[in-house]
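Just so it is clear, none of the values below were taken in a lab; they were calculated from the coordinates. It should be emphasised that the depicted structure is a prediction, and the values quoted were computed from it without experimental measurement. As a convention, Cβ positions derive from the backbone with ideal geometry for all residues, glycine included, and neighbour counts pool all protein chains shown.
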Amino acid sequence: MAILITGGAGYIGSHTCIELLEAGYEVVIVDNLCNSSHISLNRVAEITNKTFTFYKMDLMDRAGLESIFARHPIEAVIHFAGLKAVGESVQLPLSYYHTNMTSTLILCEVMKKFEVHKLVFSSSATVYGLPEAVPIAENAALGATNPYGRTKLMLEQILQDLAASDERWGVSILRYFNPIGAHKSGRIGENPNGIPNNLLPYISQVAVGKLTQVNVFGDDYPTPDGTGIRDYIHVVDLAKGHLKALEKIKAGSGVDIYNLGTGRGYSVLEMIAAFEIASGQSIPYAVAERRPGDIAVCFADTEKANRELNWSATRGIEEMCRDSWRWQCSNPSGYEEDSFVLHELAAGNYHKTAQ
Ligand code: NAD
Ligand code: WQD
């Protein structure tokens, strides 16, 4: 039986593919590469020395998706694919609503048609909006502040309605906090297009000399050093959480919602200091205006995931920064072709690509 990974070429998806392949799962990936590169998948093959199947396909291609379900014995889906940039979602709301909502609806319809009822869904701590208190538990009040967040909130609701309609559905909604870091090999990592929006990719591009200084968005928050506090989680810990969620839904039904974070927050200035230590580089910064929509403090209550999934994050901030730095230094321009893997690909040893 196979696991279908949508968005598997992306940042979190590629790390999760490694964990799945190393755990012995058969993996089928669908990604239109709108925010990723096929090279990440070459490197997944290289790291794991395992084979998998990749389809370069838009999830909105219903007929294409149906042909994948017809061809592979898919038992569950991990659904990462979607657009994720908060600022862009404010500029392009129709694009965000269309892509995130329609693709998920088509995916669920095709799953229903092929009687595949197990789904792990990528949600986000963004669904907590302006949290009333920290740490944030799964039953905290919800409320999104931008179109991206609203797509996640609406999709969570749709998945709950779907599961309520047929008890064969088993859905795990995972609310990620702030994923950072990279695989320890330094071969895959986060590869943002253009100037990064998120703090860690920005810091690492300053450290490597691509950007001149970090703009610290506000130092007048009600936090010990005045800068925003977030719950940064190593992407490999996050990926491992998906395997635990998958095991749980395979055995049960209904909807479970879990926070995936560390339960600990770090400020912007603490992250800059940690990255300076990890990289040995000095990281200039300047305090700038607050970024509209930002909140002061956000970190997870992880007790439910610890207890019900038997999962907890084990990698600390030093390892997160060290692994991000290894990825950044060895791939200063992001993903570039590798002659070794292309040769292996030509020999058909790693993965097949179907258009
Ligand atoms: P990513 O952009 O690296 O990966 C998403 C992948 O989906 C990309 O490879 C992209 O090409 C693909 N994709 C997008 N639309 C598609 C479509 N219509 N058809 C097929 N493929 C499509 O993002 P990521 O950081 O790996 O995030 C994965 C998921 O986790 C997303 O749903 C995101 O909203 C969610 N999430 C991410 C974060 C974060 O900070 N990275 C935090 C919380 C939640
Ligand atoms: C972290 C902290 C900023 C950049 C976002 C999305 C969220 C989720 C994760 C998808 C904040 C500060 C940032 C910079 C800075 N994604 N900062 N200078 O905003 O917590 O979460 O990514 O679901 O939905 O909103 O992450 O990394 O952008 O910011 O000072 O150049 O760093 O103000 O305090 P955020 P972030």
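Skipping prolines and chain starts, which residues have an amide H placed within reach, meaning under 5 Å, of the one on residue 30, given they are 5 or more residues away or on another chain?
5, 6, 7, 8, 55
Starting from 0 in steps of 5 Å, tell me what percent of the Cα-Cα pairs of segment 216-329 lands in each bin.
Spelled out per bin, shortest first, that is 2, 11, 17, 18, 17, 15, 10, 6, 3, 1, 0.
Pulled fully out, how much extra length does the chain show between residue 95 and residue 109, if you take 0.36 nm times their separation in residues and subtract their Cα-Cα distance?
Length gained between residue 95 and residue 109: 3.0 nm.
Would you work out the relative contact order for the chain, in percent, from Cα pairs under 8 angstrom that are 6 or more residues apart?
The normalised contact order for the chain reaches 21 percent.
Compute the distance in nm between two label points, each set 7 Å from the Cα along the Cα-to-Cβ direction, one at residue 247 and one at residue 198.
For the pair residue 247/residue 198, the computed spacing is 2.5 nm.
Distance check, please: which entries in 56/84; 84/113; 84/152 exceed 21 angstrom between their Cα atoms? The partial results should precede the final answer.
Working: 56/84 19 Å; 84/113 28 Å; 84/152 10 Å.
Violating the 21 Å Cα-Cα cut-off are 84/113.
Work out, step by step, the length gained on full extension between residue 213 and residue 22: first 0.36 nm times the residue separation, then minus their alpha carbon distance; give nm to one decimal.
Going from the current span to full extension adds 64.9 nm.
Where in segment 248-270 does the amide nitrogen come within less than 16 Å of the point 7 Å from the Cα of residue 225, taken along Cα to Cβ?
Once the point is set 7 Å along Cα→Cβ of residue 225, 265-270 turn out to lie under 16 Å by backbone N, inside segment 248-270.
What FRET efficiency would be calculated for the residue pair residue 337, residue 167, taking the C-beta separation as r and a Förster radius of 45 Å, to the nearest 0.05?
0.40
Roughly how many debye, to the nearest 20, is the charge dipole of segment 1-119 about its Cα centre, given +1 on each Lys and Arg Cβ, -1 on each Asp and Glu Cβ, and no other charges?
The calculation lands at about 80 debye.
Please list, ordered by chain and number, the residues whose modelled amide H lies under 5 Å from the amide H of residue 217; skip anything fewer than 5 residues away on the same chain.
288
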